[in-house]
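Undergrad: I have a structure here, written as structure tokens, and I will follow up with some questions on it.
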Amino acid sequence: MSEYKKPLPEIQPYSQPFWDGTRENKLLVQHCNACDTNIFYPRRDCPECWSQDLGWIEASGRAIVYTYSVTYEGVEEKFVEDLPIILAWIDLPEGIRMHTNLVECEPEDVRIGMEVEVVYRPVTEEITLPFFRPVSTS
Amino acid sequence: MTKSGLAVVGIAEVPTRRDPERTRWDILLDVCMGAINDAGIDKNLIGAVISNNPMAQPSMQNDMSLGKIPEVMGLKGCRDIAICNAGGASTTNCLRLAEQHIASGQVDFVLIPHTTVQSDMPPQDLINFFATAPLDKQFEYPYGVSFNGSMGLITQRYMYETGATEEELASVTVALRAWGALDPLSIFYGKTVTLEDVMNSRMISTPLKAKECNLLADGGGAMVVTSWEKAKAFGDKAVYKLGHGTRFMSATPMLREDVFHRQSYRESSQDALAQAGLSIHDMDLRQIYGAYPYTQCSALEGYGVCEDGQGAKLWAEGRCGPGGDLPCTTMGDATGRGHTGSGVSMAFYLDTIRQLRGEAGERQVKNCEHAILTTSGGSVMNTCTTVFGRAPR
């Protein structure tokens, strides 16, 4: 797994629990205990009330596709082997929007509004990236 | 109360092209001298140099930040230098900082230059720059997003919400290229495209096709600005800044609630028009720097030129291109002109000034008295809207 050549997320001290979570196959959302806001991406201080009393809640792992774009070219060399890449913004019921890739589906099957679920892919020993796939309707 | 403000009295620009033989300093000196000569003033009357930051070019940034321009050019009256970086909106901030100098009464003329050469940079480095500088390196970049991909995501949603078709959006590029084909400063001078050319070009990031994405190029331009009072002596050469408004949205595209920037276009244009004492219907020209076709549509919706969701139809009906009754973006935008990094905004201001002077050649908008112009920086983090006119008011 040390062969991973693509960029890894630039982790900050206050986002470390998110990545500890994905390694344990949990999707954690930062939560402000003072004003009850769910925060994405993770910050040092709550962007609503500046409280530093921040914790984490575990998300359901389900989401809705807000939009998507299938990339066929124009990426850095290290991503070329993955083409076509299905980029997506997904809305979590926890009230946050994430950028991800949709996996385990064909580009022509993707629709705005479709339901997706998280799938974890370890890329190094430390880093597990969360991706999303269509929820099976069968 | 007597109003005052900023006026542009000298401009110069080099043709946009890909030419690694033309150095950054060649462009810079040509446009700086050109703008001062166009104003017809002595070089030593330049009291400050406020530069547009060439973001992707660190050595040039250092030269421009640390005072090389007045030194190399022998600008003996230069009291101050500064550099502004807001990505594509950098020139807007240069104008605002220059305005402070002019308003202080301590400086009469400010030089605002830009230079960019991208043709000598490896394509992979440029893809990396545009994928990392304006996007999130923790939660976006690891997923293989490019700048085109990010704008593809927004365009897909725009089509979903408005019902705009791929053909209607492709008509935006046809019109922008038609403007560019008439402009000797465009990399696409003499090169129109048809709807079929756009629709049949390679798919890059759905729904964006190759001809709807930007060709990175080299270019540069400069302006000399002064006060309304001093500008009177320059006659028809002077173009007056009448109003300005800006709205910031977000650095990171996925966090943007105003996903098409429509509200941001609406509020910034209302502020600018209110300051100018004019209405959107007084505008003879609309110049929109969004770099991707959907922005040419959502800006018209935000400005109040049409109902929300109807912007693409105006382009498809041919109303915004050459010969149309609502001329928009005669500069061609980055799609129809070539993308010169943070300099696209400079080229937009210069084209607007040319139109208001009546010097836009085959692209000249008839009786162009007032123009509205919006620039944006980063991944469209903001909309900076300015109203210009041929006379102060």
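The values are calculated or read from the model by the stated rules, or taken from the named source; none is laboratory data. Everything numeric here is computed off the predicted structure, so don't read it as measured data. All Cβ positions, even for glycine, are placed from backbone atoms using ideal geometry, and neighbour counts span all protein chains on display.
Undergrad: Looking at A:ALA63, is it facing another protein chain (nearest Cβ under 10 Å) and surrounded by 20 or more Cβ atoms within 10 Å (Cβ to Cβ)?
TA: Details: facing another protein chain (nearest Cβ under 10 Å): no; surrounded by 20 or more Cβ atoms within 10 Å (Cβ to Cβ): yes.
Criteria not met by A:ALA63.
Undergrad: Does any residue of segment B:302-323 turn out to be hydroxyl-bearing (Ser, Thr, Tyr), part of a loop (DSSP other than H, G, I, E, B) and buried (at least 20 other Cβ atoms within 10 Å of the Cβ)?
TA: Within segment B:302-323, the subset hydroxyl-bearing (Ser, Thr, Tyr) is B:303.
From what's left, part of a loop (DSSP other than H, G, I, E, B): none.
No, segment B:302-323 has no match at all.
Undergrad: Which condition from (1) closer than 21 Å to B:SER51 by Cα; (2) assigned to a helix (DSSP H, G or I); (3) within 13 Å of the chain's Cα centre (by Cα); (4) not aliphatic (A, V, I, L, M) is the one that B:THR335 breaks?
TA: Tallying (1) closer than 21 Å to B:SER51 by Cα; (2) assigned to a helix (DSSP H, G or I); (3) within 13 Å of the chain's Cα centre (by Cα); (4) not aliphatic (A, V, I, L, M), B:THR335 fails exactly one: (1).
Undergrad: Just to verify a result, which residue in segment B:338-361, among those that are part of a helix (DSSP H, G or I), out of contact with any Pro (no Cβ under 8 Å at 6 or more places or on another chain) and of a type in the set (Ser, Thr, Tyr), is surrounded by the fewest Cβ atoms within 10 Å (Cβ to Cβ)?
TA: Among them, the one singled out is B:THR352.
Undergrad: Which ones in segment B:144-161 are surrounded by fewer than 24 Cβ atoms within 10 Å (Cβ to Cβ) and either closer than 22 Å to A:GLU81 by Cβ or among the small types (Gly, Ala, Ser) (or both)?
TA: Within segment B:144-161, just B:GLY144 meets the criteria.
Undergrad: Follow-up question, since we're still on this one. State which residue pairs qualify: first residue without any contact (Cβ under 8 Å) to a residue 12 or more places away in the chain and inside segment B:225-249, second residue buried (at least 19 other Cβ atoms within 10 Å of the Cβ) in any location, beta carbons under 9 Å apart, and separation of 6 or more residues or different chains.
TA: Listed by first residue and then by second, the contacts come to B:LYS232/B:ALA7; B:LYS232/B:ALA238; B:ALA233/B:VAL9.
Undergrad: Here is a further query. Take the residues in segment A:73-97 that are within 8 Å of chain B (Cβ to nearest Cβ) and closer than 11 Å to B:VAL145 by Cα; name whichever of them is surrounded by the fewest Cβ atoms within 10 Å (Cβ to Cβ).
TA: Our first condition is that a residue be within 8 Å of chain B (Cβ to nearest Cβ); within segment A:73-97, this holds for A:73-77, A:79, A:82, A:85, A:87-89, A:97.
Right, trim to closer than 11 Å to B:VAL145 by Cα and you get A:73-76, A:79, A:85, A:87-88.
Values: A:GLU73: 15, A:GLY74: 22, A:VAL75: 23, A:GLU76: 18, A:PHE79: 21, A:ILE85: 22, A:LEU87: 26, A:ALA88: 26.
Residue satisfying both the conditions and the ranking: A:GLU73.
Undergrad: Just checking, how many residues over segment B:115-131 are of a type in the set (Val, Ile, Thr) and within 8 Å of another protein chain (Cβ to nearest Cβ)?
TA: The qualifying residues number 1.
Undergrad: A further question on this structure: Find the residue count for segment A:6-32, including only residues that are surrounded by fewer than 17 Cβ atoms within 10 Å (Cβ to Cβ) and more than 12 Å from chain B (Cβ to nearest Cβ).
TA: Number satisfying all stated conditions: 6.
Undergrad: Could you list all residues from segment B:130-140 that are out of contact with any Gly (no Cβ under 9 Å at 6 or more places or on another chain) and either surrounded by fewer than 14 Cβ atoms within 10 Å (Cβ to Cβ) or not in a loop (DSSP other than H, G, I, E, B) (or both)?
TA: B:PHE130, B:THR132
Undergrad: Of the residues B:SER104, B:SER65, B:SER51, B:SER90, only one is surrounded by fewer than 18 Cβ atoms within 10 Å (Cβ to Cβ) and under 30 Å from B:ASP333 (Cα atoms); which?
TA: Result of the check over B:SER104, B:SER65, B:SER51, B:SER90: B:SER65.
Undergrad: Of everything in segment B:141-153, what is within 7 Å of chain A (Cβ to nearest Cβ) and either assigned to a helix (DSSP H, G or I) or under 23 Å from the mean Cα position of the chain (by Cα) (or both)? Give them in sequence order.
TA: Narrowing segment B:141-153 to residues within 7 Å of chain A (Cβ to nearest Cβ): B:141-146, B:148-149, B:152-153.
Once the filter is applied, which keeps residues that are within 7 Å of chain A (Cβ to nearest Cβ) and either assigned to a helix (DSSP H, G or I) or under 23 Å from the mean Cα position of the chain (by Cα) (or both), segment B:141-153 yields B:TYR141, B:PRO142, B:TYR143, B:SER146, B:ASN148, B:GLY149, B:GLY152, B:LEU153.
Undergrad: If you don't mind, another one. How do the strands (runs of 3 or more DSSP E) wholly within segment A:51-106 filter down when requiring 3 or more residues that are farther than 27 Å from A:LYS26 by Cβ: which remain?
TA: Working: elements: A:54-58, A:62-71, A:85-91, A:97-101.
Where strands (runs of 3 or more DSSP E) fall fully within segment A:51-106 and carry at least 3 residues being farther than 27 Å from A:LYS26 by Cβ, they are A:62-71.
Undergrad: Right, next: So which strands (runs of 3 or more DSSP E) are wholly in segment B:201-258 and hold at least 2 residues that are more than 16 Å from B:ILE353 (Cβ to Cβ) and either over 22 Å from the mean Cα position of the chain (by Cα) or within 11 Å of another protein chain (Cβ to nearest Cβ) (or both)?
TA: B:203-205
Undergrad: Look at B:SER186 and say whether it is over 25 Å from the mean Cα position of the chain (by Cα) and assigned to a loop (DSSP other than H, G, I, E, B).
TA: Values: over 25 Å from the mean Cα position of the chain (by Cα): no; assigned to a loop (DSSP other than H, G, I, E, B): yes.
Answer is no for this residue.
Undergrad: Quick check: is even one residue across segment B:288-298 assigned to a strand (DSSP E or B) and surrounded by fewer than 21 Cβ atoms within 10 Å (Cβ to Cβ)?
TA: Looking through segment B:288-298, none of the residues is assigned to a strand (DSSP E or B) and surrounded by fewer than 21 Cβ atoms within 10 Å (Cβ to Cβ).
Undergrad: How about segment A:39-60: which of its residues are surrounded by fewer than 15 Cβ atoms within 10 Å (Cβ to Cβ) and not aliphatic (A, V, I, L, M)?
TA: A:ARG44, A:ASP45, A:PRO47, A:GLU48, A:CYS49, A:TRP50, A:SER51, A:GLN52, A:ASP53, A:GLY55, A:GLU58, A:SER60
Undergrad: Of the conditions (1) among the hydroxyl-bearing types (Ser, Thr, Tyr); (2) within 14 Å of another protein chain (Cβ to nearest Cβ); (3) buried (at least 19 other Cβ atoms within 10 Å of the Cβ), B:SER171 clears all except one; give me its number.
TA: Among (1) among the hydroxyl-bearing types (Ser, Thr, Tyr); (2) within 14 Å of another protein chain (Cβ to nearest Cβ); (3) buried (at least 19 other Cβ atoms within 10 Å of the Cβ), the lone unmet condition for B:SER171 is (2).
Undergrad: Working only within segment A:107-138, note down all residues that are in a strand (DSSP E or B) and either in the same structural domain as A:LEU27 (by TED's automatic domain parsing) or among the β-branched types (Val, Ile, Thr) (or both).
TA: A:VAL116, A:VAL118, A:VAL119, A:THR128
Undergrad: Taking B:TYR158, is it within 14 Å of chain A (Cβ to nearest Cβ), among the aromatic types (Phe, Trp, Tyr) and touching a residue at least 60 places away in the same chain (Cβ under 8 Å)?
TA: Working: within 14 Å of chain A (Cβ to nearest Cβ): yes; among the aromatic types (Phe, Trp, Tyr): yes; touching a residue at least 60 places away in the same chain (Cβ under 8 Å): yes.
Answer is yes for this residue.
Undergrad: With the requirement that a residue be more than 11 Å from B:GLY219 (Cα to Cα) and outside any strand (DSSP E or B), what does segment B:1-19 give you?
TA: B:MET1, B:THR2, B:LYS3, B:SER4, B:GLY5
Undergrad: Out of B:VAL31, B:VAL14, which single residue is closer than 22 Å to B:PHE234 by Cα, in contact (Cβ under 8 Å) with a residue 60 or more places away in the chain and within 19 Å of the chain's Cα centre (by Cα)? Working first, answer last.
TA: Details: B:VAL14 fails: closer than 22 Å to B:PHE234 by Cα.
So the residue among B:VAL31, B:VAL14 that is closer than 22 Å to B:PHE234 by Cα, in contact (Cβ under 8 Å) with a residue 60 or more places away in the chain and within 19 Å of the chain's Cα centre (by Cα) is B:VAL31.
Undergrad: Okay, moving on. Return yes when B:ILE112 is touching a helix residue (DSSP H, G or I) at 6+ places or on another chain (Cβ under 6 Å), more than 9 Å from every other protein chain (Cβ to nearest Cβ) and surrounded by 21 or more Cβ atoms within 10 Å (Cβ to Cβ) and no when it is not.
TA: When the stated conditions are applied, B:ILE112 passes them.
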